[in-house]
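**Student:** The structure is given below, and queries will be raised subsequently.
The values are calculated or read from the model by the stated rules, or taken from the named source; none is laboratory data. Given the structure is predicted, the values throughout are model-derived calculations rather than measurements. Using ideal geometry, Cβ is built from the backbone for each residue, glycine included, and neighbour counts are taken over all protein chains shown. Each accessible area value is taken on the protein alone, full model and side chains, heavy atoms only, with ligands, DNA and RNA left out. Shrake-Rupley method; radii C 1.70, N 1.55, O 1.52, S 1.80 Å.
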Amino acid sequence: MNADDETMRHLNGTFDRDGTQRLITHLIGMWALLGHGMWAVEDRASGEFLGRAGLYYGPGWPGVEVAVSIRRDRWREGLGTEACRASITWGFATLSLDEIVTFTNQGNAGMNGIARKLGMTFQGEASAIGPWKDNNVYAISRAEWGDCPARRPDCSWGR
Ligand SMILES: CC(C)(COP(=O)(O)OP(=O)(O)OC[C@H]1O[C@@H](n2cnc3c(N)ncnc32)[C@H](O)[C@@H]1OP(=O)(O)O)[C@@H](O)C(=O)NCCC(=O)NCCS
């Protein structure tokens, strides 16, 4: 997934195997330091790798960010939305956060689509957040998200 140009188009380019190892240690370290991070996304039935998703935070971020990448041959099946929905639900259930944000390049149709589908509110544009340029910023509050799954029957987390 990290070696695919199209998948990494809005993520500042591809990673080779060494770069991927550095990324994985960084992502696992976030759990120890911040109490949240990203998961591997797997097919429930087969265990096949589908991507990564979770709650990420970096210097200069407007808040804890829901983030996702899905293997390109499985795009447009709703997996990115499902993974972000589960991540946000876990975040509000587990962490003392008032809101969860996301941001993405204005040209990233997939991530802008996920934010809209999850009912996140457009906050405005940000020319730079850390290394990321020309962003749309979205947020959703704990109150807006509600008490999943009771108040969000479309959410599969916890079932
Ligand atoms: C962004 C990404 C995770 C979306 O994953 P996905 O599983 O394809 O997303 P979904 O199927 O849940 O799509 C959600 C909505 O986004 C929009 N969307 C997704 N891909 C799109 C595309 N290529 N063109 C236009 N709209 C798109 C649609 O509105 C879609 O809803 P619909 O299928 O009901 O119309 C995936 O494209 C990806 O991994 N991209 C590379 C990594 C990346 O940029 N991650 C985000 C970093 S900020």
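**Student:** Classify region 63-126: rounded, prolate or oblate, from the alpha-carbon gyration tensor (a ≥ b ≥ c, eigenvalue square roots; a/c under 1.5 rounded; otherwise prolate if a/b is larger than b/c)?
**Tutor:** oblate
**Student:** Any idea what the alpha-carbon Rg over 2.2 N^0.38 Å comes to for the chain? The partial results should precede the final answer.
**Tutor:** Values: Rg = 15.0 Å, N = 159, 2.2 N^0.38 = 15.1 Å.
That works out to 0.99 for the chain.
**Student:** At 1.4 Å probe radius, can you tell me the per residue accessible area of region 29-159 in Å²? Kindly include the intermediate steps, with their values, before the conclusion.
**Tutor:** Values: 6860 Å² over 131 residues.
Per-residue accessible area for region 29-159 comes out at 52 Å².
**Student:** Report the calculated FRET efficiency for Asp73 and Asp5 (r = Cβ-Cβ distance, R0 = 22 Å), to the nearest 0.05. Walk me through the numbers on the way to the answer.
**Tutor:** Working: r = 14 Å, r/R0 = 0.64.
Efficiency at R0 = 22 Å is approximately 0.95.
**Student:** Sticking with this structure for a sec: Pop a pseudo-label 7 angstrom from the Cα along the beta-carbon direction at both Ala40 and Lys117 and give the gap in nm to one decimal.
**Tutor:** The answer from the label model is 2.4 nm.
**Student:** Follow-up question, since we're still on this one. For the pair His26 and Tyr57, how long in nm is the line joining their label points, each one 7 Å along Cα→Cβ?
**Tutor:** Placing both labels 7 Å along Cα→Cβ, they lie 1.7 nm apart.
**Student:** Dipole of region 17-151 (Lys/Arg Cβ +1, Asp/Glu Cβ -1, origin at the Cα centre): which of Thr81, Ile114, Gly51 lies farthest to the positive side?
**Tutor:** Result: Gly51, furthest along the dipole toward the positive end.
**Student:** Would you calculate the separation in nanometres between label points at Leu95 and Asn12, each defined as 7 Å from the Cα along the Cα-to-beta-carbon direction?
**Tutor:** 2.0 nm
**Student:** When the Cα centres of region 115-140 and region 1-52 are compared, how far apart do they sit, in Å?
**Tutor:** Cα centres, region 115-140 to region 1-52: 21 Å.
**Student:** Do you know the relative contact order of region 1-120, to the nearest whole percent, from alpha carbon pairs under 8 angstrom that are 6+ apart?
**Tutor:** Values: 142 pairs, mean separation 22.9, N = 120.
Here the relative contact order equals 19 percent.
**Student:** Once neighbouring chains are kept in place and the probe is 1.4 Å, which whole percent of the accessible area of the chain is contributed by carbon and sulfur?
**Tutor:** Details: 4520 of 8910 Å².
Exposed carbon and sulfur together represent 51 percent of the surface.
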